[in-house]
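Working notes, beginning with the structure itself.
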Amino acid sequence: MRFLPIVFAVIAIAAPAVAAPADMAAILAGPQRSEANKARDQYRHPVETLKFFGLKPAMTVVEITPSGGWYTEILAPYLRDHGRYIGAGAWGGTEGGAKSVAKFKAKLDADPANYGKVEVTTFGKDHYDIAKPGSADMVLTFREIHNYVTGGYGPETFKSFYAALKHGGGLGVVEHRLPENAPANREATSGYMKVSTVKRLAEAAGFKFAGASEVNANPKDTADYPDGVWTLPPTYQLGDKDRAKYAAIGESDRMTLKFVKP
């Protein structure tokens with residue numbers, strides 16, 4: 001019996017290692033996040049998603065196509081003091097890409113306290129220098145795989161993820177999920193992808209599948225809309241038509257997959 005207090009003391013010390021980072025709640029509630037972005041936490045589950053991917057504060061993390069910076073608002077402050085955040089933005093060689101990069105950089109410049117250490121690299125078809133080879137602990141891509149595939153550079157994209165990562169590094173994928181029994185050609189137009197397709201692309205690049213989470217699942221999403229995933233919030237492709245119906249469904253059903261570079 002006299003050994004029990006020692007055992008309890010060890011447990012008390014070990015417990016925080018598996019808990020959410022103590023400062024993550026403050027980051028989520030911070031003023032660097034817009035109210036519109038905070039409202040989407042209920043659909044995107046950032047804390048649970050990043051815990052599943054294994055995020056740690058001293059990591060070098062590359063986010064692919066950060067776009068408006070939804071996850072940048074979380075990742076950059078989290079990694080600021082001990083880690084490194086790289087936003088691999090859309091390639092600036094096209095008019096749309098240039099505007100996207102300019103908008104993202106303007107966001108960073110407007111808040112140097114949170115984003116002053118953010119590094120920006122380019123990403124797009126034929127532009128894959130997202131980070132120095134073998135330098136990243138983690139590569140993250142959120143709801144973008146369909147763009148790589150329909151753009152004709154899916155395999156090259158996954159190869160660039162693999163090249164950027166250290167051995168043992170992880171790839172985290174969140175993507176709109178198409179049911180496995182759906183016609184394969186729907187991947188080309190709907191914005192949804194099959195889990196089997198994503199796994200095939202990752203494994204062809206050399207990755208090993210490390211697990212899946214249902215944290216971003218939405219059973220209300222039938223994934224069969226004529227206008228694709230953009231029918232749902234936050235895009236509301238149809239405008240006010242049946243808006244209440246689609247608002248009640250919420251954002252898309254999403255796969256959440258983790259891969260590792262051996």
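The values are calculated or read from the model by the stated rules, or taken from the named source; none is laboratory data. What you see is a predicted model; the values in this text were computed from it and never measured. No Cβ is skipped: glycine too gets one built from the backbone with ideal geometry, and neighbour counts run over all protein chains shown. Note: areas computed on protein heavy atoms with side chains; ligands, DNA, RNA excluded. Shrake-Rupley method; radii C 1.70, N 1.55, O 1.52, S 1.80 Å.
In the range 57-69, which residue that is out of contact with any Gly (no Cβ under 7 Å at 6 or more places or on another chain) and free of Cβ contacts under 8 Å to residues at least 40 places away in the same chain is surrounded by the fewest Cβ atoms within 10 Å (Cβ to Cβ)?
We begin by selecting, within the range 57-69, every residue out of contact with any Gly (no Cβ under 7 Å at 6 or more places or on another chain); these are 62, 64, 67-69.
Those still in the list that are free of Cβ contacts under 8 Å to residues at least 40 places away in the same chain too: 67-69.
Working: Ser67: 18, Gly68: 14, Gly69: 23.
Only one residue fits best here, namely Gly68.
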Subject >> Pairs where the first residue, in the range 145-158, is touching a residue at least 24 places away in the same chain (Cβ under 8 Å) and more than 14 Å from Ala188 (Cβ to Cβ) and the second is among the aromatic types (Phe, Trp, Tyr) and in a loop (DSSP other than H, G, I, E, B), C-beta under 8 Å, 6+ apart >> reply: Glu156/Tyr128; Thr157/Tyr128; Phe158/Phe207
**OP:** Go through Ser196, Ser213, Ser252 for me and flag whichever is out of contact with any strand residue (DSSP E or B) (no Cβ under 6 Å at 6 or more places or on another chain) and under 26 Å from Ala88 (Cβ atoms).
**Re:** Ser196
**OP:** Answer yes or no as to whether Val198 is closer than 22 Å to Lys56 by Cβ, buried (at least 20 other Cβ atoms within 10 Å of the Cβ) and among the β-branched types (Val, Ile, Thr).
**Re:** no
Subject >> Scan of the range 223-244 for residues that are touching a residue at least 24 places away in the same chain (Cβ under 8 Å) and farther than 16 Å from Phe142 by Cα, ordered by number >> reply: Ala223, Asp224, Tyr225, Gly228
Original post:
Residues that are aromatic (Phe, Trp, Tyr): which strands (runs of 3 or more DSSP E) entirely in the range 92-177 hold 1 or more of them?
Top reply: 119-123, 136-142
**OP:** Output the number of residues of the range 178-201 satisfying the condition of being of a type outside the set (Ser, Thr, Tyr), within 16 Å of Arg143 (Cβ to Cβ) and part of a helix (DSSP H, G or I).
**Re:** 4
**OP:** Starting from the range 110-132, keep only residues that are closer than 14 Å to Thr65 by Cβ, then list their pairs with residues that are aromatic (Phe, Trp, Tyr) and open to solvent by 60 Å² or more (accessible area, probe 1.4 Å) whose Cβ atoms are within a distance under 6 Å, requiring at least 6 positions of separation or different chains.
**Re:** Thr122/Trp91; Gly124/Trp91; His127/Trp91
**OP:** Hey, could you check the range 143-190 for residues that are surrounded by fewer than 23 Cβ atoms within 10 Å (Cβ to Cβ) and of a type in the set (Asp, Glu) and say which is nearest to the chain's Cα centre (by Cα)?
**Re:** Glu144
**OP:** Determine whether Ala58 is modelled with pLDDT of 95 or more and either closer than 19 Å to Arg84 by Cα or among the aliphatic types (A, V, I, L, M) (or both).
**Re:** yes
Original post:
Filter the range 118-130 for residues that are touching an Asp or Glu at 6+ places or on another chain (Cβ under 9 Å) and surrounded by fewer than 23 Cβ atoms within 10 Å (Cβ to Cβ); which is farthest from Ala26 (Cα to Cα)?
Top reply: Asp126
**OP:** Quickly run through the range 245-257 and pick out the residues that are in contact (Cβ under 8 Å) with a residue 40 or more places away in the chain and surrounded by fewer than 19 Cβ atoms within 10 Å (Cβ to Cβ).
**Re:** Gly250
